[in-house]
There are 2 protein chains.
Amino acid sequence: MGVKERKKRNAQKMRQRILKAAMDIFAKEGYEGVSMRRIADKIEYSPGTIYRYFESKCDIMLQLCYHGFERLLGLQFELDKITNPVERIKVEGRYYVTFALENPELYELMFATREIIKQPADAEESVARKSFGKFAEHVQQCIDAGFFSGGDPETLAVALWAALHGLSSLLIKDQLRFLPEERVGEVVERALAFNLRGAGKELAFTGSEFR
Amino acid sequence: MGVKERKKRNAQKMRQRILKAAMDIFAKEGYEGVSMRRIADKIEYSPGTIYRYFESKCDIMLQLCYHGFERLLGLQFELDKITNPVERIKVEGRYYVTFALENPELYELMFATREIIKQPADAEESVARKSFGKFAEHVQQCIDAGFFSGGDPETLAVALWAALHGLSSLLIKDQLRFLPEERVGEVVERALAFNLRGAGKELAFTGSEFR
DNA sequence: TTGACAAAATGAACGACGTTCACTATACTG
DNA sequence: CAGTATAGTGAACGTCGTTCATTTTGTCAA
């Protein structure tokens, strides 16, 4: 008698239904639009029911967040088709910024929302880390191929990632609004190129002054 | 009779009292801690009164935000004492990241909080823009001194700023937590150096593909 | 089929939030 | 001192995330 099993499946279905509803609202109306009552309305259950399947709203948003990282990671895996590692990392940069621009709310959720960040300390092997890991791998391959300086790959990866993240979040938040609309693409492209070129040189290490 | 004037002064005093209270709470308990009722409690007035002096909570937070930019701008002006433009921009980078790390909530308010961003579209000559302007000026001086490539200075400034912002926000959000504590400073310092070095070369422009 | 027990779902309630507004209290003026 | 303009009040509205006593539904042995 697979009663237990069926119940487990139903519970999983319910979790998916809730997440789907949350995602739909999130996609249409952003973070502000998502509330437990609205989710409950959408799936035609009472608000209290949701708490049988998720600990809190934060828990739900965290799942959406993971989903975002999985999408990003999916894009990254596609990149393995590109054989030239420099070309690959170039395209990866464009993918990254494009992903952020096309899913600004999601990107924000993934990288900026306070409550989300705190959570996954215990969630070992977080999707976020996998995504960075893949990126670092691609950076390493550039080094191996002799295109990037042999400096510490992790440092290089962090620096490049930071540049991508910086550009993406400035763009999303419209902090670059002072640029004429038609120049934005150009500036971004050049900024990316600029960072990749910077990776080509050996750097003198000047000592630690932070933290 | 300076009755009108005194009233104006009193209103200004009240605005300052409210802002001070908001800032105190913000500093101690962050964005989440600030509520109209808590501010009202702190200044010993009723919640409704605040609305005689500020349009909304958002309005208040926007003022805190401006205050933050003024502090940052103050740091930037100090930099004019440094005569070597490359040394100056190097220190500016460290100042920037340090400012973010020392005032994470404020930095977030300044650059990341959604509601804040929207507002100052009409507020011409925003403090934020002044801060970027000063930075761009310093970048220009590096170019003039022949240390940076002669490429479009605005692009260069945006690229460097993005890198600083990226590093800062990753650090604040603890996204670099996978790095051993003792390596963080090193990585940041090298990432900064890496970006400055990148600025030294002429870059081939590869065309626009964003937006 | 029925009755007992467990699981699932409910929705009112709690304390918080930003904001509004009819009202009262205070300060100023003629 | 009367009358008016200004300042301040605090209850109320509708929202939020969350909890929990209660009811409904589902399961299975007798």
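Structural remarks
- Prolate/oblate/rounded call for region A:26-98, Cα gyration tensor, a/c under 1.5 rounded: prolate
- The C-alpha atoms of chain B define a longest principal axis, and helix B:57-78 lies at about 40 degrees to it.
- In chain A, the longest principal axis of the Cα atoms and the axis of helix A:3-33 are about 60 degrees apart.
- Pairwise Cα inverse-distance average, inverted: Kirkwood Rh of region A:149-198 (Å): 11.8
- Look at where the Cα atoms of region A:1-29 and of region B:1-80 average out, and the two centres are 45 Å apart.
- Principal-axis tilt of helix B:153-172 within chain B, Cα atoms, nearest 10 degrees: 60
- Using a probe of 1.4 angstrom and keeping all protein chains present, the accessible surface of region B:1-54 works out to 75 square angstrom per residue.
- Whole-number percent relative contact order across chain B, with pairs defined as alpha carbons under 8 Å at least 6 apart: 19
- Its Kirkwood hydrodynamic radius, worked out from the mean inverse distance over all distinct Cα pairs, puts region B:61-198 at 15.7 Å.
- For the protein assembly as shown, fraction of C-alpha pairs farther apart than 33 Å, in %: 40
- Per the accessible-area calculation with a 1.4 Å probe, the total area buried between chain A and chain B rounds to 6200 Å².
- For B:Gly2, the shell of other residues with beta-carbons less than 11 Å away shows a net charge of +4, using +1 for Lys and Arg and -1 for Asp and Glu.
- Ranking B:Gly2, B:Gly151, A:Leu19 by Cα position along the charge dipole of the protein assembly as shown, where only Lys, Arg, Asp and Glu carry charges on their C-beta atoms, puts B:Gly2 farthest toward the positive end.
- Fraction of accessible area attributable to carbon and sulfur, the protein assembly as shown (%, probe 1.4 Å): 51
- With a Förster radius of 60 Å applied to the C-beta separation of B:Arg71 and A:Arg17, the computed FRET efficiency comes to 0.80.
- Positions from region A:174-194 whose accessible area shrinks by 50 Å² or more when the full protein complex is built, not the chain alone, probe 1.4 Å: A:Gln175, A:Arg177, A:Phe178, A:Glu189, A:Arg190, A:Phe194
- The B:Gln63 and B:Glu137 beta-carbon pair, evaluated with R₀ = 22 Å, returns a calculated FRET efficiency of approximately 0.25.
- √(5λ) per eigenvalue of the Cα gyration tensor, region B:61-107, largest first, Å: 23, 12, 5
- Only helices enter the 222 nm calculation for the protein assembly as shown: every DSSP H run of n ≥ 4 contributes -39,500 (n - 2.57), and dividing by all residues gives -24000 deg cm²/dmol, rounded to 500.
The values are calculated or read from the model by the stated rules, or taken from the named source; none is laboratory data. Being a predicted model, the structure only gives us computed values, none of them experimental. Neighbour counts run over all protein chains shown; Cβ positions are idealised from the backbone, glycine included. Accessible surface areas use protein heavy atoms only, side chains included; no ligands, DNA or RNA. Shrake-Rupley method; radii C 1.70, N 1.55, O 1.52, S 1.80 Å.
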